[in-house]
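Please treat every number below as a calculation from the coordinates, not as lab data. It should be emphasised that the depicted structure is a prediction, and the values quoted were computed from it without experimental measurement. Here the Cβ is made from the backbone with ideal geometry for all residues, glycine too, and neighbour counts use every protein chain on show.
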Amino acid sequence: MTRRATRAAAPPRARNERLETRISREQKSLFQRAAELQGRTLTDFVIASVHEAAVRTIAEDRTVRLNAEESLALADALLRPRSPNARLRAAARRYIAATGR
């Protein structure tokens with residue numbers, strides 16, 4: 001499945017909440033170096049990075065992933081749907097009677 005590149009919306013500017021964490025000296029040095037390379041403060045870099053990761057994680061959770069066999073089965077079902085069985089026809093009649101549609 002091809003992944004589309006999506007640009008995450010900028011995090012909200014009003015900052016009324018706090019988020020604290022303990023990190024190692026090595027992690028802080030790494031994050032600081034990356035922030036400097038992007039011309040950001042360490043705080044702005046961390047906020048933007050966490051925001052982007054959260055948006056990506058949520059988007060990936062909403063993505064349906066199918067293996068090759070599942071993809072073929074889905075395509076087949078969409079291209080050649082089965083005829084409605086007696087239970088489905090009865091349900092359709094009840095729906096039409098109940099809604100008048």
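Quick notes on this structure:
- Any hit, segment 64-81, residues being of a type outside the set (A, V, I, L, M), touching a residue at least 12 places away in the same chain (Cβ under 8 Å) and out of contact with any Ser or Thr (no Cβ under 9 Å at 6 or more places or on another chain): yes
- Residue match in segment 84-96 (condition: of a type in the set (D, E, K, R) and under 30 Å from Glu17 (Cα atoms)): no
Residues checked against (1) under 11 Å from the mean Cα position of the chain (by Cα); (2) of a type in the set (A, V, I, L, M); (3) surrounded by 11 or more Cβ atoms within 10 Å (Cβ to Cβ); (4) closer than 30 Å to Lys28 by Cβ:
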| position | (1), (2), (3), (4) |
| --- | --- |
| Val46 | no, yes, yes, yes |
| Ala54 | yes, yes, yes, yes |
| Asp61 | yes, no, no, yes |
| Val64 | yes, yes, no, no |
| Asn67 | no, no, no, no |
| Ser83 | no, no, no, no |
| Ala86 | no, yes, no, no |
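- Residues satisfying the stated conditions in segment 17-43, i.e. under 26 Å from the mean Cα position of the chain (by Cα) and among the polar types (S, T, N, Q): Thr21, Gln38, Thr43
- Verdict on Val50 being within 30 Å of Thr21 (Cα to Cα) and among the β-branched types (Val, Ile, Thr): yes
- Those helices (runs of 4 or more DSSP H) of segment 23-85 in which 1 or more residues are out of contact with any His (no Cβ under 9 Å at 6 or more places or on another chain), hydroxyl-bearing (Ser, Thr, Tyr) and under 26 Å from Arg13 (Cβ atoms) occupy 42-61.
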